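Heads up: the structure comes next, in structure tokens.
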Amino acid sequence: MTDESLRATYRILDASANRALEGLRTMEEFARFGLNDGDLSGQLKSIRHAVTAAIERLPRELRLSARDTPGDVGTLIGEASEYHRATASDVVAAAASRTAQSLRVIEEYGKMIDPVMATEIERNRYRCYTAASQLELRMPAQRRRERLMTSLLYVLTDAGPDEPTFQATVTELYQGGADVVQLRDHKVDDRTLIARAMQGTQIAAQVGGLFIVNDRADIALAAGADGVHVGQDELPVSVARRILGPNRLIGLSTHSIQQAREARSSGADYIGCGPVFSGRTKSFDDYVGTDLLREVSKWSLGADRYPAFAIGGIEASNLDQVIEAGFRRIAVTGAVRDAADPAAAARELKQRLAR
Ligand SMILES: Cc1ncc(COP(=O)(O)OP(=O)(O)O)c(N)n1
Ligand SMILES: Cc1ncsc1CCOP(=O)(O)O
Ligand SMILES: [Mg+2]
């Protein structure tokens, strides 16, 4: 090998090593701080250390003297996509792909310089594929939980008389500012339920909203919905979780502070809290009123801002009482469904919650 080609090879190895280590660290940070997953962040850290050790087999002075960042023509070539990362999932996917490519480059050029190093890099490239795919598989959960954290308005709707009507209703609800739409209909058959659940899921994905199925974890899973909502006498959260896996959301109805605390420790992603007032959709013997909202809001704001939606008879006319009790998240049916202009009614509620 000529001096020139040796220098070029070291330059490639040095740049690729930096890229691979940066990519590994980017993934590791998300596993650690985004997912709090000690096992996955440990795996990525161990790969990073193994790659560092393999690279350190190359004489550091040769790597450093070959480095020429100001003279690198590649630093001037930027694709627009490199500057756009809308979500943490995009960051992780880009880091995973960059890392795998860089490890492959080190492996190929490294074979000319140090076959032992190349073999060690190959071994860690395979480890990296496994860890990166585990991390990427966790990202839908992250996206859903991030979306939930920014959700203020949750609207429950029935299956409607037919598919076009349901499609128009759900689209209108999201356009009006609903962050979450729940399909809640005890009257229709399972065929109708699954068809509507699939339709709602598709609309939600297009507009960036969340779509939840009431009561039925099986239907939620089969439709690919964002999650299920269950009541105190329905599927326990642990069973719904077994059906839905870690990536989907589970909401639980709660009627006391004790139930709210238990919901959180059982792994529910959010709670419905009520019934607050007497409403038009479902009647109850007792109403929790705003006292429970006050108690839950004091606790949930301290509990890492655990998402809690007030539900039951909430309307534009009593919304201030809910807000005064510390709640900025509500779930409604009648206030939107029965309005002359449901989208406008949703928009008004949303604007007041967001203030
Ligand atoms: C967001 C939200 N909160 C509460 C409920 C009520 O659930 P549940 O008590 O199980 O009653 P049904 O809706 O099944 O009649 C809900 N659906 N959504
Ligand atoms: C399903 C449910 N659970 C508690 S209150 C309620 C109904 C919510 O509808 P509305 O907003 O019309 O009272
Ligand atoms: Mg229920």
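The values are calculated or read from the model by the stated rules, or taken from the named source; none is laboratory data. Keep in mind the model is a prediction, meaning the values are calculated, not measured. Using ideal geometry, Cβ is built from the backbone for each residue, glycine included, and neighbour counts are taken over all protein chains shown.
Just a few scattered comments:
- Being more than 16 Å from ligand 2 (Cβ to nearest atom) and of a type in the set (A, V, I, L, M, F, W, C) is true of residue 220.
- So residue 184, is it at pLDDT 95 or above, touching a Ser or Thr at 6+ places or on another chain (Cβ under 8 Å) and basic (Lys, Arg): yes
- Top-ranked residue of the range 288-345 - restricted to ones that are away from ligand 1 (no atom under 14 Å from the Cβ) and at positive phi, ranked as modelled with the lowest pLDDT: 304
- Taking the criterion of being under 14 Å from residue 95 (Cα atoms) and of a type in the set (Gly, Ala, Ser), the residues of the range 128-158 that qualify are 131, 132, 133.
- In the range 275-300, residue surrounded by the fewest Cβ atoms within 10 Å (Cβ to Cβ) [restricted to those that are in contact with a helix residue (DSSP H, G or I) (Cβ under 8 Å, 6 or more places away or on another chain) and part of a loop (DSSP other than H, G, I, E, B)]: 280
- Among the residues here, residue 92 qualifies as touching a residue at least 60 places away in the same chain (Cβ under 8 Å), more than 17 Å from residue 54 (Cβ to Cβ), touching a helix residue (DSSP H, G or I) at 6+ places or on another chain (Cβ under 6 Å) and outside the structural domain of residue 344 (by TED's automatic domain parsing).
- Looking only at the range 259-274, and only at residues there that are in a helix (DSSP H, G or I) and more than 15 Å from ligand 3 (Cβ to nearest atom), the one that is nearest to residue 314 (Cα to Cα): 260
- Residue in the range 99-109 that is at pLDDT 70 or above, part of a loop (DSSP other than H, G, I, E, B) and either farther than 28 Å from residue 138 by Cα or of a type in the set (Asp, Glu) (or both) present: no
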